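What follows is a single structure, written as structure tokens, with notes after it.
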Ligand SMILES: [Zn+2]
């Protein structure tokens, strides 16, 4: 399960969450209702950009900044702490 956050500056928030110890991952965006994956998918703007989805979630700042440097428009997904 991934929580999708619709926030104005995703890169900044991704870093903030990572700093506070939450594992984040980049999600597709749907700025005009069309998902950036380019497909007619079932959850526009709400599925992961990375190949392993929520299993890629990380609080490693290097990883997080690399993701948002590559996809600055990406929505921020947070993987809730297990347990
Ligand atoms: Zn999509």
Compute the helix-to-body angle for 10-19: its Cα long axis versus the longest principal axis of the chain, expressed 0 to 90° and rounded to tens.
30
18 Å cut-off, amide nitrogen to a point 7 angstrom out along residue 65 Cα→Cβ, residues in the stretch 13-47:
13-26
Return one number: the angle in degrees, 0 to 90 and rounded to the nearest 10, between the long axis of the Cα atoms of helix 61-70 and the longest principal axis of the Cα atoms of the chain.
20
Which whole-number percent gives the relative contact order of the chain, counting Cα pairs below 8 Å spaced six or more residues apart?
48
Tell me the Kirkwood hydrodynamic radius of the chain in angstroms, computed as one over the mean inverse distance between distinct C-alpha pairs.
12.5
To the nearest 0.05, the calculated FRET efficiency linking residue 34 and residue 9 through their beta-carbon distance, R0 being 22 Å, is 0.55
Packing-based ranking, highest mean first, of 69-79, 8-18 given that Cβ atoms within 10 Å are counted:
69-79, 8-18
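Each value in this text was obtained by applying a stated rule to the coordinates, not by laboratory testing. This structure is a prediction, so every number in the text was calculated from the model and none was measured. Every residue, glycine as well, gets a Cβ built from its backbone with ideal geometry; the counts of neighbours run over all protein chains shown.
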